[in-house]
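J.: Please find one structure pasted underneath; my questions will follow.
The values are calculated or read from the model by the stated rules, or taken from the named source; none is laboratory data. Values in this document were obtained by computation on a predicted structure and should not be read as measured data. Every residue, glycine among them, receives a Cβ derived from its backbone with ideal geometry; neighbour counts consider all protein chains shown. These accessible areas exclude ligands, DNA and RNA; they are computed on the full protein's heavy atoms, side chains included. Shrake-Rupley method; radii C 1.70, N 1.55, O 1.52, S 1.80 Å.
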Amino acid sequence: MNAPLSPRQNVLRRLRKDRAAVIAFWILVFLLAMALFAPNFNEYTYRQQMLQEDYVNMPPRVQALKWIPLFNGRAVLKARPLSSLSDTAKYPEGCVIRTFNERTNRGITVVDAEVDYYLYKGADESVNFWFGTDTLGRDIWTRVWRGTRISLLIAFVSVLLDLLIGTAYGAVCGYYGGKRDLILMRIAEVVQAIPNVVLCTLMILLMGGGTGTMIVALACRGWTGTAGLVRAQFLRFKNREYVLAAKEMGASDARLMRRHILPNAAGPIITRTVMAVPSAVFAEAFLSYIGLGVPAPEPSLGNLLAEAQSVLGLYPTQTLFPALIISLLMIAFHLLANGLRDALDPNEY
Amino acid sequence: MRTRFCGLLLAALLALLLAACGGKDPAQTSETETASAAQAETSSAGIPEQPKIIRVSAENCRTFDPYEANSPEEAFNEWCQARLYRSWTLIENGTDTRYMRPELAAEEPVQTDAEGCVWQIRIRDDAAFSDGTAITAESFAASMKICFDPLLKHRSGDNMGLYIAVKNARAYYTGGAVSWEEVGIKALPGNLLEITTEAPVTADLVMKAFSEYGSVPVDPELYAACMSADGTSSSYGTDVSKCRYCGPFTVKEWVRDSRLVLVKNPNYVFADEIRLDGAELVYVENAQTRVELFEAGELDVVSITAQVGEQYMDSPDYFARPWRYLLMIEINDNSAHYVKNAEDLTAPLLVRHEPDDPNNVDIYTEKDGTRTYTAKTLDNAQRTKPILSNMNFKNALWYAVDRVTLARREGGIPANFIVPYTSYCGEYSPIRFRDTEEAKRYLEKIEDSFDPVKAKAYFEQALKEEGLDRVELAITISSDSDEMKICAQFLKEEFARIFEGKLELKIEEMPSASRLAKMKAWRTDVNAFELGLANWSRAVTDASPMNQFDVFSSSYWTKCNAPYHCETVEKTIWLQETDASYKTDMKKNIAAAAAMEEAALSERIVIPLYERTMQSLVHEWVTYEFNDPLNVRYWLCDIDTSLK
């Protein structure tokens, strides 16, 4: 006969059975690890500009993955006079891979030319930008992973603040009830009614742009949802027999809340917290995208998308990588949260 | 069942999406197509002739009021309004020469006194608005009264004084004790307009002055009907029906923030020279979208950014020209404060802080050079960043900018000068001010203007003088401008590198209007801003190099972004207001411009970065027979419909 499982073991066992949640978990581990370490994988820093070298808007190139079109370092130059392509001063030997779309314009034969952009810019084989460079010649690989780190930092810290403030606030409201609950919850509703963008704009005006401001701005309103949820859980559990028994035995209010009610409310709170992380990532990205986020040159996923969108048609890879990472983050967090919700649901036992 | 339902729902959504993406917006195209159809003619061969309609990307039109025109880039006035004279292009033997052509005027101005202060201009008998309302000398004089109205304070009223000082016009415009009857603009019998100037001028200068937007006639009755009760604003030009047009085209439709549909004006005085049937001036904010519309053949001419230019620069469709705007760093050095209409002093006045003065008082310098001492208005001691006034600090900034790299990034011309390449030595002259010996004499080689070692030495000296270890400065930029963002980020990194982390630039992004308001608050707040990026140019002037300095003098004080102060500039600009020889004698003009530029640069009143270029893509079917470097006038173009 198997030994009985502790609640934690039971949750983990059930979570492991959810294949989507497990995959999401490992994706998140991978993204977190990359956010922590990947910016140091090459010699470039996130703010180093290579304008003097004219390594601007370089396409991605990875020597080992050159067989994949995305990473072969090639680009298409539009409407180049056919005759000029033989000018080796401008187009070094071998840089023109192929020409296509030949037409006549003002009596001149012009073509679109696919070129080895690195050769075209005079960069040798040792120069490789894995995700390409941006309009200031900054390495996108470094910036994307650092941006991921910043976005996740903002999301995690703001959600942690949400959790701390919301839990304490909701616990007081739910446990004590009465007028205290009435007044405190109305205040929370007023805060909740303020649109996020307005609140963030005000915070930025007050404190100036920056990571700290973003965290405070997101936490300022985010805690209200947690408070509502915790209050509901406390209302549900505060009159249970085991709580009353502990109370009769002289347990203080703080102990009752901390040791007897909160652990039973942990499931929904954990699920909500995990769900709140992608929301915070998205909110940060949105605010940065509209110019209210982390100031330049510090990257964040929203900043990177905002910068890239103005050249989307010309250099789509600048949008592709941050967009891909933000999508992965969102999907992975949601899948993991779904898995946790099912695993923590006592009705499923 | 559920899966099938989801599948059907997905298919329906996809179909809806595809339907939304495909085809043209009927609301967007119907008007043009209707106009096109109406204008389409049938050739003798029986084949319907395509109407010649050009579609150009343009700046957003704010108002049709010609007196509120901000710059020539607000293309509406070029297309739809006529002036007394207009710069035209004469094509002879394949070369093009600019010349001033009477437009609403019947002929060149006629001098009627011995000194050259009184001039008569005859208005064409057939001058009329598109609705047939005649434009006469009387209505023109009434228009001028509106242009110079002291309550309306039109921008054009200020610009009209650039070439000639019309008698009492400035006093009237600035709210002095002068009635309109005393201003030197009168309507005389015989459809004659008489202009009296403060000082002798030439016919060329009179024509140049009356080729500005200020000489576009408005309908005085309509203008009066659109005035606010207090007479300080007017809704003239805020709607298609609230404006009259006398230029090559009239406005058929205006979709705010989107486009203007124009049709040829049959009443235009040179209507037979206009080859287009109509035009669409389309406002598309996103540069990439403009290029996509160009590639799809939906736009014939588009302005592009440097990043797009990089991709197209070898294309026969690509054109670039200097664009009169210099991007520069402005410094709030508190070197000058301007006051206007101070009760006990005549305007305009210059107020300077003299740091060496033991009483630390302000010194008011009057036009004639006399000085009046009075109590200070702004306290220098309240400044939080006094290093901004330090000359060594300014020198450090000057030598720390790699202008060549920055200009290459933006497709501009590296600038260690103030007068742009678009400034010519006279209306008819092919010589640019920048190419004259006078202008070359004092300029160092552009490569020498970037010297990190020198910059570091100056910076260390400045820190020592100010008793600082490091300094953090905010640079205010417009969040609407990608160019400024790129530039500010480049400067931030360069300064951190060159000054080894001792100068930290904090980039303050804000909408354009907020940026301007913040910077212009220097008059009342010594710490209003620290550094700023700005495009600065005397936009309407290209034929008088010294006029480029007008914006750096107290005569332009209401619009100055920063407290520029250079004694040489100040004195020369005041002198030319009363001495017309600065304008008539181009040698004197060039020498004065060179002297002002040399002084302004040596005092580092601004740190110029680069001269911007206007980059465009033009389809091959847009044909024009001239290559005016100042202004490609697409309204004079033709469309070769066989190539479309």
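J.: Just add up the charged neighbours of A:Pro69: K/R +1, D/E -1, any other residue whose Cβ is under 15 Å from the Cβ of A:Pro69.
T.: Summing Lys and Arg as +1 and Asp and Glu as -1 gives +2.
J.: Using θ = phi - 60° and the Karplus form 6.51 cos²θ - 1.76 cosθ + 1.60, what ³J(HN,Hα) does each residue of the stretch A:133-143 get, whole Hz, x for Gly and Pro?
T.: Here the 3J(HN,Hα) series is 10, 9, 5, 10, x, 9, 5, 6, 3, 5, 5 Hz.
J.: Just the number, please: buried accessible area between B and A, total of both chains, 1.4 angstrom probe, nearest 100 square angstrom.
T.: About 2900 Å² of accessible surface is lost on pairing.
J.: Accessible area per residue of the stretch B:168-311 at 1.4 Å probe, in Å²?
T.: Result: 37 Å² per residue.
J.: With the Cα gyration tensor of the stretch A:21-179 giving a ≥ b ≥ c as the square roots of its eigenvalues, does the rule (a/c under 1.5 for rounded; else a/b larger than b/c for prolate; else oblate) give rounded, prolate or oblate?
T.: Because a/c hits 1.5 or more and a/b exceeds b/c, the stretch A:21-179 counts as prolate.
J.: Here's another thing I want to ask about it. Mind checking the full-extension length gain between B:Glu444 and B:Asp480? Use 0.36 nm per residue of separation minus the Cα-Cα distance, one decimal, nm.
T.: Extra length available between B:Glu444 and B:Asp480 comes to 9.6 nm.
J.: Which residues does the label zone of A:Lys247 cover in the stretch A:172-209, counting backbone N under 16 Å from a point 7 Å along Cα→Cβ?
T.: In the stretch A:172-209, the label zone of A:Lys247 (backbone N under 16 Å from the point 7 Å along Cα→Cβ) covers A:172-181.
J.: Cα gyration tensor of the protein assembly as shown, axes a ≥ b ≥ c as square roots of the eigenvalues: rounded (a/c below 1.5), prolate (a/b > b/c) or oblate?
T.: On the way: a/c = 1.87, a/b = 1.59, b/c = 1.18.
Prolate is the answer for the protein assembly as shown, as a/c is 1.5 or above and a/b outweighs b/c.
J.: Need one number: nm distance between label points at B:Glu273 and A:Leu70, each 7 Å from Cα along Cα→Cβ, rounded to one decimal.
T.: 5.8 nm
J.: List, by residue number, every residue in the stretch B:282-296 with a reduction of 40 Å² or greater in accessible area between the chain on its own and the complete protein assembly, 1.4 Å probe.
T.: In the stretch B:282-296, residues shielded by partner chains: B:Gln288.
J.: GNM, chain A, Cα, under 10 Å: largest mean-square fluctuation among A:Cys173, A:Cys200, A:Cys95?
T.: Top of the fluctuation ranking is A:Cys95.
J.: Order the following by accessible area, largest value first: A:Lys179, B:Lys186, B:Lys385. Probe radius 1.4 Å; ligands, DNA and RNA are ignored.
T.: In descending accessible area the options line up as A:Lys179, B:Lys186, B:Lys385.
J.: Next up: So if R0 is 30 Å, what FRET efficiency would A:Leu202 and B:Glu285 give, r being the distance between their Cβ atoms, rounded to the nearest 0.05?
T.: Plugging the Cβ-Cβ distance into 1/(1 + (r/R0)^6) gives 0.65.
J.: Name the long-range amide H neighbours of B:Ala165: under 5 Å, sequence gap of 5 or more, or other chain; modelled H, no Pro or chain starts.
T.: B:Glu198, B:Ala199
J.: Which links in B:Lys520/B:Lys583; B:Lys445/B:Lys492; A:Lys179/A:Lys238 stretch past 22 Å when you go from one Cα to the other?
T.: Too far apart for the 22 Å limit: B:Lys520/B:Lys583; B:Lys445/B:Lys492.
J.: Within the stretch B:392-475, list the GluC sites (Glu not before Pro) lying in a DSSP loop whose Cβ has at most 12 other Cβ atoms in a 10 Å radius.
T.: Those satisfying the criteria are B:Glu444.
J.: Something else: To the nearest 10 square angstrom, what accessible area does B:Arg612 show with a 1.4 Å probe?
T.: 40 Å²
J.: Less than 25 Å apart at the alpha-carbon level, and either on another chain or at least 8 residues along: which lysines does that give for A:Lys90?
T.: List returned: A:Lys66, A:Lys78, A:Lys121.
J.: In whole Hz, what ³J(HN,Hα) sequence does the stretch B:164-180 give by Karplus (6.51, -1.76, 1.60; θ = phi - 60°), x for Gly and Pro?
T.: Per residue, the Karplus-derived 3J(HN,Hα) values read 9, 9, 5, 3, 6, 5, 5, 4, 5, 5, 8, x, x, 7, 10, 8, 4 Hz.
J.: Would you grab the residues whose amide H sits under 5 Å from the one on A:Arg74? Only those 5+ places off in sequence or on another chain, please, with H modelled 1.01 Å from N.
T.: Hits under the 5 Å cutoff: A:Tyr117.
J.: Go through A:120-130, A:305-315 and give me the packing order, highest mean Cβ count within 10 Å leading.
T.: A:305-315, A:120-130
J.: Let me ask another. Out of the total accessible area of chain A (probe 1.4 Å, heavy atoms of protein only), what percent is carbon and sulfur?
T.: Working: 10750 of 16990 Å².
After summing per-atom areas, the C and S share lands at 63 percent.
J.: Mind listing the long-range amide H neighbours of B:Arg259? Cut-off is under 5 Å, sequence gap 5 or more, other chains count too, H placed in the peptide plane at 1.01 Å from N.
T.: Those lying under 5 Å, H to H, from B:Arg259 are B:Tyr283.
J.: If you don't mind, another one. May I ask you to give the percent of accessible area on the stretch B:66-233 that is carbon plus sulfur, with a probe radius of 1.4 Å? Don't skip to the answer; put the middle values down first.
T.: On the way: 3180 of 6260 Å².
In the stretch B:66-233, the share of accessible area belonging to carbon and sulfur is 51 percent.
J.: Label the stretch A:63-120 by shape, choosing from rounded, prolate and oblate, from the square roots a ≥ b ≥ c of the eigenvalues of the Cα gyration tensor; if a/c is under 1.5 it is rounded, and otherwise prolate applies when a/b is larger than b/c, oblate when it is not.
T.: Oblate is the answer for the stretch A:63-120, as a/c is 1.5 or above yet b/c matches or exceeds a/b.
J.: So how tilted is helix A:317-344 from the main axis of chain A? Cα-based, degrees 0 to 90, rounded to 10.
T.: Approximately 20 degrees, to the nearest 10.
J.: Over the heavy atoms of B:Phe450, what accessible area does a 1.4 Å probe trace out, to the nearest 10 Å²?
T.: 50 Å²
J.: Calculate for the protein assembly as shown the 222 nm mean residue ellipticity that helices alone would give, adding -39,500 (n - 2.57) per DSSP H run of length 4 or more and normalising by residue count, nearest 500 deg cm²/dmol.
T.: -12000 deg cm²/dmol
J.: Mind checking B:313-320 for the average number of partner chain beta-carbons within 10 Å of each residue's beta-carbon?
T.: Mean shielding by partner chains, rounded to a whole number: 5.
J.: Which links in B:Lys186/B:Lys588; B:Lys456/B:Lys485; B:Lys464/B:Lys571; B:Lys167/B:Lys264 stretch past 27 Å when you go from one Cα to the other? List each step's numbers first, then the result.
T.: Values: B:Lys186/B:Lys588 31 Å; B:Lys456/B:Lys485 24 Å; B:Lys464/B:Lys571 34 Å; B:Lys167/B:Lys264 37 Å.
Listed pairs above 27 Å: B:Lys186/B:Lys588; B:Lys464/B:Lys571; B:Lys167/B:Lys264.
J.: Under the Karplus relation 6.51 cos²θ - 1.76 cosθ + 1.60, θ = phi - 60°, what is the ordered set of whole-Hz ³J(HN,Hα) values for the stretch B:496-506, x standing for Gly and Pro?
T.: Each residue of the stretch B:496-506 in turn: 4, 6, 5, 9, 6, x, 8, 10, 9, 8, 9 Hz.
J.: With +1 on the Cβ of every Lys and Arg and -1 on the Cβ of every Asp and Glu, and nothing else charged, how large is the dipole of the protein assembly as shown about its Cα centre, in debye rounded to the nearest 20?
T.: 5620 debye
J.: Between A:Leu324 and A:Ala168, with labels modelled 7 Å along Cα→Cβ, what's the label distance in nm to one decimal, could you check?
T.: Once both label points are built, they end up 4.3 nm from each other.
J.: Can you pull the accessible area of A:Phe41 for me, 1.4 Å probe, Å² to the nearest 10?
T.: 110 Å²
J.: Calculate the mean, over all residues of peptide A:72-78, of how many other protein chain Cβ atoms lie within 10 angstrom of the residue's Cβ.
T.: Partner-chain Cβ atoms within 10 Å, mean over residues of A:72-78: 3.
J.: When we measure straight from the Cα of B:Lys252, which aspartates and glutamates land under 13 angstrom away, once same-chain ones fewer than 8 places off are left out?
T.: Hits, sequence-local ones excluded: B:Glu31, B:Glu33, B:Asp131, B:Asp239, B:Asp277, B:Glu280.
J.: Extending each Cα 7 Å along its Cβ direction at A:Ile290 and A:Arg236, get the distance between those two points in nm, one decimal.
T.: Between A:Ile290 and A:Arg236, the label points sit 3.4 nm apart.
J.: Relative to the Cα centre, what is the charge dipole magnitude of chain A, using +1 at the beta carbon of each Lys and Arg, -1 at the beta carbon of each Asp and Glu, and rounding to the nearest 20 debye? Don't skip to the end; give the middle numbers.
T.: On the way: 35 positive and 26 negative charges, 279 e Å.
In total the dipole reaches around 1340 debye.
J.: Would you give the gap between the C-alpha center of the stretch B:276-336 and the C-alpha center of the stretch A:125-180, rounded to a whole Å?
T.: If we compute the Cα centre of each part, the gap is 37 Å.
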